[in-house]
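Everything below concerns the one structure shown next.
The values are calculated or read from the model by the stated rules, or taken from the named source; none is laboratory data. Note that the coordinates shown come from a computational prediction; the quantities given were computed from them, not determined experimentally. With ideal geometry, Cβ positions are generated from the backbone for all residues, glycine too; neighbour counts draw on all protein chains shown.
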Amino acid sequence: MTLTEISSDDFKKMSRDDQVLYLTENLRDLSEDLVDPGIDLLIGAGETEFAISLAKDSGRIKRAVEIAVDEGDFLWAALIAKKAGMEEESKRLYIDGLKYYVSLEMYGRAISAGRALGLPQDQIDHLFEAGVRSEGRKMDMGRVRYALESVAVSLENALVGRDDEMAEDLRGAMREERERALRRAVENQEE
């Protein structure tokens, strides 16, 4: 539906879906009178990335940052502010983002914010370790064991008919790991 410039009256006559389509396809070529209502319409339609882009590209930097923060995307908000020369605002957004991401256990994003802030490596490592612990708590160990057992069976099937040294080493390693897993399971049951 790429069109040349249309009037705001013609835009208002379009269905909401057609308005959203028009905005997304003509994001960089909108008339000034369609930008602000277009941003609001895109937000209302759940097209926040387009709304942020429209706000940013049309010079509405504070609005773009505000929308990104409302969506919890502090990294993008900080980057927009930084590119606009708003260094202090960018730093504040990275700090706020770091706190926000840690509170939601979004450690990958927290690490990105920490790196942008220039945190020392030991603090970045701490965030990484916290992320590993968080993911470990979320894991269904039964499914992990099943997946590992499936991989082991597939590997055994691939080794059928092979009697070379590498195949024997793999079979031995798999046998040892199964024995260790069995011992851990018995120890866990005894506790």
For this session: Can you tell me which residue within region 49-81, out of those that are outside any helix (DSSP H, G or I) and on the phi < 0 side of the Ramachandran plot, is surrounded by the fewest Cβ atoms within 10 Å (Cβ to Cβ)?
Result: Glu71
Seminar exercise, completed: Leu21 meets each of (1) surrounded by fewer than 18 Cβ atoms within 10 Å (Cβ to Cβ); (2) aliphatic (A, V, I, L, M); (3) in contact with a helix residue (DSSP H, G or I) (Cβ under 9 Å, 6 or more places away or on another chain) with one exception, condition (3)
For this session: Restricting attention to helices (runs of 4 or more DSSP H) lying wholly within region 85-191, give those where 1 or more residues are touching a strand residue (DSSP E or B) at 6+ places or on another chain (Cβ under 6 Å).
Result: none
Exercise. Within region 30-48, can you find the residues that are over 20 Å from Gly72 (Cα atoms) and either touching a Leu at 6+ places or on another chain (Cβ under 8 Å) or surrounded by 11 or more Cβ atoms within 10 Å (Cβ to Cβ) (or both)?
Worked result: Leu30, Ser31, Asp33, Leu34, Val35, Asp36, Pro37, Gly38
Exercise. Among the residues of region 105-129, which ones are under 22 Å from Ile80 (Cβ atoms) and either surrounded by 13 or more Cβ atoms within 10 Å (Cβ to Cβ) or modelled with pLDDT under 95 (or both)?
Worked result: Met106, Gly108, Arg109, Ala110, Ile111, Ser112, Ala113, Gly114, Arg115, Ala116, Leu117, Leu119
Exercise. Which pairs have Cβ atoms under 8 Å, sit 6 or more apart or on different chains, and link a residue in region 88-114 that is of a type in the set (S, T, N, Q) to one that is not in a loop (DSSP other than H, G, I, E, B)?
Worked result: Ser90/Ala78; Ser90/Leu79; Ser90/Ala81; Ser90/Lys82; Ser112/Leu75
